[in-house]
Structure formats: structure tokens, C-alpha cells
Amino acid sequence: MRLCDSVVATPGLSQPLQRFVREVLMLLWIIPGRATSLNLSRYSHYDEKTFRRWFQQEVNWAGLNVVVIRAVVPAHHHQVLAFDPSFVPKSGKPAPGLGRFGNGSAGRAEQGLEVTISRQSPVDSTHLDPKSCGPI
């Protein structure tokens, strides 16, 4: 909750935008599946059209990301947040999370699963071991 509050307290955000960003952040942490306007509206009191309108507005999302990173990583540490999405082809029986995702090898979206590895690691580290990755 502290992280959410630090993002919402970013200078330059109007109060309606602060409420919307808080709602979106909470939804992204709890909803299953893809974060579409329709799916977000299923778990929120906002309408699908409201999500579409807010996401069409100009917002400094990069600035919000900087605020999040500064809230999590102390300033005196030289850290990097590594994010590695990987595509796993899947056909046949349905599986949870099955959908169309970008396949970098094929250069197009294909049916399959997406596996994401996230890790906070020191800058001087040259290796990201997937076996040792846990939640950030």
C-alpha cells in the first residue's frame, strides 16, 4: 500500500487521476488474465468506457515508473530491475493463461503462454539465474 501511495502522491496528478491510478494499480495486482478495459471493468466500479477514456489521455507513465522504482530501491544502491517475458508455444488442450502473445523468434503474435521473470539485481551482476528468481 505504501508503494501505491507514493505513486499516487506524484506531483502533477489531479485528484481524479490519482483515484484512477490507485484503482488501476490495485486491479493489476489482483485480476487474473489480461488487463483489458473490459476485464478491468469487471472487477471495478468504473465502466469499460471510463478505462478507455482515461488510457487515451496523456499521462507521464515513465515518471510514474521512476517514482515506483525510487520507492522500492534505495537511492544509494545501484540496482537494476530485470524483466524478461518469454513465450512458450502451446496448442491442444486449453490451459490457464492461454492467449496470443508476442513471439520474438517468429516476429508475430502466436497462441501460447507467456512466462515472465522479474528480478531486482545489483548492477555489477552479469547473470540472471531464472532458478533463483523470486518475487521482487
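The values are calculated or read from the model by the stated rules, or taken from the named source; none is laboratory data. Everything quoted here is computed from the prediction, not taken from an experiment. In this analysis, Cβ positions are derived from the backbone assuming ideal geometry, glycine residues included, and neighbour counts consider all displayed protein chains.
Quick check on region 52-60. Is at least one of its residues closer than 27 Å to GLN120 by Cα and of a type outside the set (A, V, I, L, M)? Scanning region 52-60, I find at least one residue that is closer than 27 Å to GLN120 by Cα and of a type outside the set (A, V, I, L, M), so the answer is yes.
Taken over region 33-59, the criterion of being within 15 Å of the chain's Cα centre (by Cα) and in contact (Cβ under 8 Å) with a residue 24 or more places away in the chain is satisfied by GLY33, ARG34. For PRO89, the criteria (1) surrounded by fewer than 13 Cβ atoms within 10 Å (Cβ to Cβ); (2) in contact with a Gly (Cβ under 6 Å, 6 or more places away or on another chain); (3) at pLDDT below 85 hold in every case but one, which is (3).
Only a single criterion out of (1) modelled with pLDDT of 75 or more; (2) in a loop (DSSP other than H, G, I, E, B); (3) closer than 30 Å to LEU13 by Cα is not satisfied by PRO74, namely (1). Go through the residues of region 83-103 one by one and say whether even a single one is within 23 Å of ASP5 (Cα to Cα) and of a type in the set (Ser, Thr, Tyr). There is no residue in region 83-103 that is within 23 Å of ASP5 (Cα to Cα) and of a type in the set (Ser, Thr, Tyr). Residues that are loosely packed, with under 15 Cβ neighbours inside 10 Å and assigned to a loop (DSSP other than H, G, I, E, B) within region 18-53 comprise PRO32, GLY33, ARG34, ALA35, THR36, TYR43, HIS45, ASP47, listed in sequence order. One residue alone among LEU64, LEU81 is assigned to a helix (DSSP H, G or I), out of contact with any Lys or Arg (no Cβ under 7 Å at 6 or more places or on another chain) and surrounded by 14 or more Cβ atoms within 10 Å (Cβ to Cβ), and that residue is LEU64. Restricting attention to region 92-103, the residues being loosely packed, with under 12 Cβ neighbours inside 10 Å and not in a loop (DSSP other than H, G, I, E, B) number 0. Contact map, region 80-104: residues that are at positive phi paired with residues that are of a type outside the set (Lys, Arg) and assigned to a strand (DSSP E or B), Cβ distance under 6 Å, separation 6+ or inter-chain. Pairs shown: GLY97/LEU113.
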